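Structure record follows, encoded as structure tokens.
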Amino acid sequence: MEADEFGEIKDKEVFEAVRTGKIIEDYPEDEPYQSCLIYGRTSEDRPLHVVCAYSDEDSLAIIITAYQPHPDRWIDFSRRRI
């Protein structure tokens, strides 16, 4: 998150993006926990993608990575360009 090409991503921004975001991709086969890609925006309207997993056993959300999506690779930041 510190080395994102669009600038450092703060923990607060990740929280905001997850809290207001929506799941745009689901990875049910990921191990050790199923994960997903969330697209959300910060309070400053910065678009972010956050990959996270959830452990039912531990009732724990795990942030795997966060990045600002490149506009050349995404349509409206929520659909991959082919």
**Prompt:** Filtering the stretch 22-50 down to residues that are within 21 Å of Asp72 (Cβ to Cβ), of a type in the set (A, V, I, L, M, F, W, C) and free of Cβ contacts under 8 Å to residues at least 24 places away in the same chain, which residue is surrounded by the most Cβ atoms within 10 Å (Cβ to Cβ)?
**Reply:** Ile38
**Request:** Within the stretch 1-51, work out how many residues are part of a strand (DSSP E or B) and in contact with a helix residue (DSSP H, G or I) (Cβ under 6 Å, 6 or more places away or on another chain).
**Result:** 4
**Asked** If you take the residues of the stretch 51-82 that are over 16 Å from Tyr27 (Cβ atoms), surrounded by 10 or more Cβ atoms within 10 Å (Cβ to Cβ) and among the aliphatic types (A, V, I, L, M), which of them is modelled with the highest pLDDT?
**Response** Ile75
**Request:** Name, by its number, the condition in (1) free of Cβ contacts under 8 Å to residues at least 60 places away in the same chain; (2) within 13 Å of the chain's Cα centre (by Cα) that does not hold for Arg73.
**Result:** (2)
**Asked** Using beta carbons and a limit of 9 Å, which pairs, at least six apart or on different chains, have the first residue in the stretch 1-21 and at pLDDT below 75 and the second one buried (at least 16 other Cβ atoms within 10 Å of the Cβ) and of a type in the set (A, V, I, L, M, F, W, C)?
**Response** Met1/Ile9; Met1/Val14; Met1/Ala66; Glu2/Ile9; Asp4/Ala66
**Request:** Determine whether Asp11 is more than 13 Å from the chain's Cα centre (by Cα) and either within 22 Å of Asp76 (Cα to Cα) or surrounded by fewer than 18 Cβ atoms within 10 Å (Cβ to Cβ) (or both).
**Result:** no
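The values are calculated or read from the model by the stated rules, or taken from the named source; none is laboratory data. Just so it is clear, the model here is predicted, and its values are computed rather than measured. Methodologically, a virtual Cβ is constructed for each residue, glycine included, from the backbone with ideal geometry; neighbour enumeration extends over all protein chains shown.
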